[in-house]
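K.L.:
Before anything else, here's the structure in question.
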Amino acid sequence: MIRVVLPAHLRTLAGVAESEICIDAPGDASIDSLIGALELRFPQLLDTIRDRTTGRRRPFVRYFACSRDLSHDDARDTLPHAVIAGDEPFLIVGAMAGG
Amino acid sequence: MSSIRVLVGTHKGAFILTADGKRKDWKVAGPFFAGWDIYHIKGSPSDPNRIYASQSSAWFGQVVHRSDDGGASWNVVGNHFAYDGIPGTHQWYDGTPHPWEFARVWHFEPSPHHRDVVYAGVEDAALFRSDDAGVTWNELSGLRDHKTGSQWQPGAGGMCLHTILLDPGNPQRIFTAISAAGAFRSDDSGGTWKPINRGLRSEQIPDQNAEVGHCVHRLAMHPSRPKVLFMQKHWDVMRSDDEGEHWVEVSGNLPTDFGFPIDIDTNHPDTVFVVPITSDSQHFPPEGKLRVYRSRVGGNEWEPLTNGLPQEHCYVNVLRDAMAVDALDPCGVYFGTTGGQVYVSPDGGDHWEAIVRDLPAVFSVEVQTL
């Protein structure tokens, strides 16, 4: 189980009240496969985190985990062990911006 | 007695305002989709409890919601707007080629005849159609593939397809308008398109007779007289009596011919409403006086409607989709401002009252007569 923290607007859209949700993912899960599993469980999140066709992360969305910015890592790389083990959450963050 | 439901899209959510046919005592519900830009929220004429909302944000992109119970509950439907084929390029502001990129839905137009059919006008400009009430969307790519498509340029708000008019008597006829490409007509259900911009004058473009390049802000058509169109352009209020083939200016005595919305009295096809704005560089009413102007003769002769509207220190704007009329007699007229006010006139424009004063900036106003 991977713990995922969604930004407030996406929690509302997904209809979840908890700040963290748990996603089933294999031991070699990557950012791509984790987001894929998230979209499978919550289809209403399709295209809100990444482009469904290109897989490209939306410009105002960032990925953080284990005190690191993973936004520019290869999305096919295996996630940090602590994330896969459920010790650390995977944070999907809306970039700080006004408006 | 009839009742009225006003659907308001704002910079930070949607609101639904309801009243009985007197249009005096209003209930305000919302915000729905709090914190999101709601460019447009519109109900289906063939099933008024079916309502579509275009929800978008710079962070999370486009989401489309649909309600089937008059706005009491909402469900996410389809938000996959894929251009047909390899989209190619249009012109950027500086005239250089720029790839076609989907940004958001500006306008929904549900079919008056088919409950599950709805059109979406999007940025970058294209027309999409759904036959399953918004679950899936297919581009009517004959419009964007028009030979002039690569020459289209965005207006200041983006290259948006903002107006969709469906001829109620001829399901094959569709009018659209794009900033800043111009107006277009299809006579084959959206398969092929013809620019209909003859007679428009736009100082900003080098060739006054150019087929495209005109910044059309809004079109209006009365359902009983679909060959007659009115247009609020970047500058000039225009009229066509031949389905857009030729346009003549009907700005007449307006204090300024710049503005965004234009609409027509439900009961009188020659009674037209506009909201003059100072200029393209000063998006607020002239002299700080918020005035709707009404022509009862199809243009050229306009009277200011001010009773109940602020006549000093008013510097709001009224955006292109932020005016609507109801179907009662006398016709109710509604508009929203970037200052968050939604005004109603229950008597065709003679008297105005604010329904609400402190909403986020209003992007769109639609009215359902139930």
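K.L.:
For segment B:114-190, give me every one of the strands (runs of 3 or more DSSP E) that falls completely inside it and has 1 or more residues that are touching a Cys at 6+ places or on another chain (Cβ under 7 Å).
P.N.:
B:118-123, B:174-179
K.L.:
Looking at segment A:1-10, which of the residues that are over 12 Å from the mean Cα position of the chain (by Cα) and within 22 Å of A:MET96 (Cα to Cα) is nearest to the other protein chains (Cβ to nearest Cβ)?
P.N.:
The selected residue is A:HIS9.
K.L.:
Please pick out the residue among A:LEU70, A:LEU34, A:LEU46, A:LEU13 that is hydrophobic (A, V, I, L, M, F, W, C) and under 10 Å from the mean Cα position of the chain (by Cα).
P.N.:
Step by step, each of A:LEU70, A:LEU34, A:LEU46, A:LEU13 is checked, and only A:LEU34 is hydrophobic (A, V, I, L, M, F, W, C) and under 10 Å from the mean Cα position of the chain (by Cα).
K.L.:
If you don't mind, there's one more thing I want to ask. Looking at B:PHE32 and the list (1) away from chain A (no Cβ under 14 Å); (2) closer than 23 Å to B:ALA103 by Cα; (3) not aliphatic (A, V, I, L, M), which single condition is not satisfied?
P.N.:
Of (1) away from chain A (no Cβ under 14 Å); (2) closer than 23 Å to B:ALA103 by Cα; (3) not aliphatic (A, V, I, L, M), only one is false for B:PHE32: (1).
K.L.:
Another question about this same structure. What residue, of A:ARG68, A:ARG52, A:ARG76, A:ARG58, is within 14 Å of chain B (Cβ to nearest Cβ) and modelled with pLDDT of 95 or more?
P.N.:
Of A:ARG68, A:ARG52, A:ARG76, A:ARG58, the one residue that is within 14 Å of chain B (Cβ to nearest Cβ) and modelled with pLDDT of 95 or more is A:ARG58.
K.L.:
Could you grab me the full set of residues in segment B:91-150 that are closer than 24 Å to A:PRO43 by Cα, more than 19 Å from the chain's Cα centre (by Cα) and of a type in the set (A, V, I, L, M)?
P.N.:
Correct list: B:ALA133, B:VAL135.
K.L.:
Let me ask something additional. I'd like the full set of residues that are open to solvent by 40 Å² or more (accessible area, probe 1.4 Å) and either assigned to a loop (DSSP other than H, G, I, E, B) or in contact (Cβ under 8 Å) with a residue 40 or more places away in the chain (or both), limited to segment B:89-103.
P.N.:
B:THR89, B:GLN91, B:TRP92, B:TYR93, B:ASP94, B:THR96, B:PRO97, B:GLU101, B:PHE102
K.L.:
Also, quick follow-up: Of all the residues that make up segment A:28-49, how many are in a loop (DSSP other than H, G, I, E, B), in contact with a strand residue (DSSP E or B) (Cβ under 8 Å, 6 or more places away or on another chain), more than 9 Å from chain B (Cβ to nearest Cβ) and crowded, with 18+ Cβ neighbours inside 10 Å?
P.N.:
So the count comes out to 1.
K.L.:
Let me ask something additional. Quick one: in segment A:64-77, which of the residues that are assigned to a strand (DSSP E or B) and touching a strand residue (DSSP E or B) at 6+ places or on another chain (Cβ under 6 Å) is nearest to A:ALA8 (Cα to Cα)?
P.N.:
A:PHE64
K.L.:
Name the single residue that is nearest to the other protein chains (Cβ to nearest Cβ) among those in segment A:12-27 being buried (at least 17 other Cβ atoms within 10 Å of the Cβ) and closer than 25 Å to B:VAL135 by Cα.
P.N.:
A:LEU13
K.L.:
Continuing with the same structure: Looking only at residues that are away from chain A (no Cβ under 14 Å) and either at pLDDT below 95 or within 25 Å of B:HIS80 (Cβ to Cβ) (or both) in segment B:1-20, which one is most open to solvent (accessible area, probe 1.4 Å)?
P.N.:
Top of the filtered list is B:MET1.
K.L.:
For the structure I just gave you, tell me whether B:PHE108 is in contact (Cβ under 8 Å) with a residue 60 or more places away in the chain and open to solvent by less than 10 Å² (accessible area, probe 1.4 Å).
P.N.:
Yes: the conditions hold for B:PHE108.
The values are calculated or read from the model by the stated rules, or taken from the named source; none is laboratory data. Here the structure is a predicted model, which is why all the values come from computation and not from measurement. Counting neighbours? That spans all protein chains shown, and the Cβs are built from the backbone with ideal geometry, glycine included. Heads up: the accessible areas ignore ligands, DNA and RNA and are worked out on the full protein's heavy atoms, side chains in. Shrake-Rupley method; radii C 1.70, N 1.55, O 1.52, S 1.80 Å.
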